[in-house]
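Below is one structure, written out as structure tokens, with a few remarks after it.
Laboratory data are not the source of any read-out in this text; all were calculated from the coordinates shown. All of these numbers come straight from a predicted model, not from anything done at the bench. Heads up, the Cβs are rebuilt from the backbone with ideal geometry, glycines too, and the neighbour counts pull from every protein chain shown.
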């Protein structure tokens, strides 16, 4: 089943989906990291934006 982009909200905004190119592009720009750095951090701490920001010190 594909991601329903009409259903947004806090749960959707709080997660980093590495399967969607537009999300990877958004988060790499937002956090100022490379795609590989983003993937490494998500693999280490999970996909919540809060955990990723904390790990990156942002």
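A few remarks follow.
- Looking at segment 14-56, the pairs of alpha carbons with a distance over 18 Å make up 6% of the total.
- In this rough spin-label picture, where each label sits 7 Å from Cα along the Cβ direction, the residue 23-residue 48 distance is 1.6 nm.
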